[in-house]
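Working notes for the structure below.
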Amino acid sequence: HFYMLCKEDEEKKFFTALMRYNQLSTYLNTFIASIKRFTVPETGILHTSFNQTVAATGRLSSSGPNFQNQPRATTFPVRKAVVSRFPGGKILKADYAQLEFRTAGELSDCPQVLRDILDKVDVHNKSASIIFNTKNPTKVQRQNAKAHTFKPLYGGEMGTPAEKAYYKAFKERYKGVVKWHVSLKNTALSKEPIELPSGRQYYFKGTHMQHGGRVSNQTKIVNYPVQGFATGDIVPIACLLMEEAIVDMGLKSRPFLQVHDEIDVDVYPGEEIKVAEVVADCMLAVKEELIKRYNYTLK
């Protein structure tokens, strides 16, 4: 028994070190080396290339270098390498609050999600309080709980006992989302495409019922519509509105990056207040733009 404990301890050390090695390799090759390789020596400016038809969900991805999947600042501080091209300029980061959760509520028409949004319920705080068994989660606990908040949105069920308890509580609270998941899976099983309000369609070829009642492609079936509408349709529209408004106002600042539900803007000195106002206005103006483009009114 003692030997097995020692062996287990050694295995944990080995796999922990191996995971850290893989993280460092990814960090050095994907970010450090790529930033150096793709930065224009004469100007010091880095241009990532955006891809519209690479990510299966339909969201933008980027390459040369990959700036969509940056590690968190607490893991590796990649963002410290990103500075304004303007002397004295600043980088403005704007993102939508709980966009995936809200989009799932929008598409599923779940009354409880809509009620929680109107009541300004912090869903990440709620998930953290269940997972960490505390009434007042810390900022770190809230951040760590974010992945678990979204996991049941995408059909996740496995995890630690505390995580499973949260997933169960989520399903009991948001019955409308669960019902919508069932309808998505039934659509995929019937070989029909799943269509978003924008007209974007997903077709899951070969979907079938597996042993135990689980559907093949289940995670993709419930994930893609949320990701597609949120970060493939809504956020890019905000980017277009923002670029147009900033140019029309004669400002020198420019949006330069979209990372999921976040838009980053390179802000020229002295334009901070104007840019902050126009960015907020454009992100909210998506509601009117969806009516114009797709004849769709957000709930």
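The values are calculated or read from the model by the stated rules, or taken from the named source; none is laboratory data. Keep in mind that this is a model prediction, so the values were computed, not measured. Neighbour counts are summed over all protein chains in view; Cβ atoms, including those assigned to glycine, are modelled from backbone coordinates with ideal geometry. Surface accessibility is based on the protein's heavy atoms, side chains included, excluding ligands, DNA and RNA. Shrake-Rupley method; radii C 1.70, N 1.55, O 1.52, S 1.80 Å.
Can you spot a residue in the stretch 100-111 that is assigned to a helix (DSSP H, G or I) and of a type in the set (D, E)? Step through it out loud before you land on a result.
Taking the stretch 100-111 as the starting set, the residues that turn out to be assigned to a helix (DSSP H, G or I) are 100-108, 111.
Next, from what is left, pick out any that are of a type in the set (D, E): 100, 106.
Yes, some residue in the stretch 100-111 is assigned to a helix (DSSP H, G or I) and of a type in the set (D, E).
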Report task. Might you check whether a residue that is open to solvent by less than 60 Å² (accessible area, probe 1.4 Å), touching a Phe, Trp or Tyr at 6+ places or on another chain (Cβ under 8 Å) and under 20 Å from G58 (Cβ atoms) occurs anywhere in the stretch 264-279? Result -> no
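Does the stretch 114-137 contain at least one residue that is over 23 Å from K220 (Cα atoms), assigned to a helix (DSSP H, G or I) and in contact (Cβ under 8 Å) with a residue 60 or more places away in the chain?
Looking for residues that are over 23 Å from K220 (Cα atoms), assigned to a helix (DSSP H, G or I) and in contact (Cβ under 8 Å) with a residue 60 or more places away in the chain, one finds at least one in the stretch 114-137, hence yes.
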Query raised in the report: In the stretch 101-111, is there at least one residue being on the phi > 0 side of the Ramachandran plot and in contact (Cβ under 8 Å) with a residue 12 or more places away in the chain?
Result: yes
Query raised in the report: Can you name the residue in the stretch 35-52 that is open to solvent by 90 Å² or more (accessible area, probe 1.4 Å) and assigned to a helix (DSSP H, G or I) and, of all such residues, is modelled with the lowest pLDDT?
Result: K36
Query - Candidate set: the stretch 218-249, residues that are over 23 Å from N66 (Cβ atoms) and open to solvent by 60 Å² or more (accessible area, probe 1.4 Å); chosen: the one nearest to the chain's Cα centre (by Cα) - result: E244
Report summary line: In the stretch 165-217, residues that are of a type in the set (A, V, I, L, M) and open to solvent by 60 Å² or more (accessible area, probe 1.4 Å) total 2
Requested in this report: Please work out if T149 is under 21 Å from the mean Cα position of the chain (by Cα) and assigned to a helix (DSSP H, G or I).
Outcome: yes
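I'm checking my understanding of the structure. Among residues of the stretch 261-281 that are in a loop (DSSP other than H, G, I, E, B) and charged (D, E, K, R), which one is nearest to V83 (Cα to Cα)? I'd like the intermediate steps shown before the answer.
If we filter the stretch 261-281 for residues that are in a loop (DSSP other than H, G, I, E, B), which is where we start, we get 261, 268-271.
Going one step further and asking which of them are charged (D, E, K, R), we end up with 261, 271.
Working: D261: 20, E271: 16 Å.
By that ranking, first place goes to E271.
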Query raised in the report: Of all the residues that make up the stretch 281-293, how many are open to solvent by 50 Å² or more (accessible area, probe 1.4 Å) and touching a Leu at 6+ places or on another chain (Cβ under 9 Å)?
Result: 3
Requested in this report: Only residues in the stretch 239-265 that are farther than 23 Å from E288 by Cα and at pLDDT 95 or above count as the first member; pair them with residues that are hydroxyl-bearing (S, T, Y) and buried (at least 18 other Cβ atoms within 10 Å of the Cβ), Cβ under 9 angstrom, at least 6 apart or cross-chain, and list the lot.
Outcome: L251/Y268; K252/Y268; S253/Y268
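Residues checked against (1) without any contact (Cβ under 8 Å) to a residue 12 or more places away in the chain; (2) touching a Gly at 6+ places or on another chain (Cβ under 6 Å); (3) assigned to a helix (DSSP H, G or I):
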residue: D9; (1), (2), (3): yes, no, yes
residue: K13; (1), (2), (3): yes, no, yes
residue: Y21; (1), (2), (3): yes, no, yes
residue: A33; (1), (2), (3): yes, no, yes
residue: T57; (1), (2), (3): no, yes, no
residue: P71; (1), (2), (3): no, no, no
residue: V83; (1), (2), (3): yes, no, no
residue: K93; (1), (2), (3): no, no, no
residue: A97; (1), (2), (3): yes, no, no
**Report entry** Matching residues in the stretch 176-222 - criterion: being in a helix (DSSP H, G or I), farther than 25 Å from I234 by Cβ and touching a residue at least 24 places away in the same chain (Cβ under 8 Å)
**Finding:** L189
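Taking the residues in the stretch 73-121 that are hydroxyl-bearing (S, T, Y) and at pLDDT below 90 as candidates, determine which candidate is most open to solvent (accessible area, probe 1.4 Å).
T74
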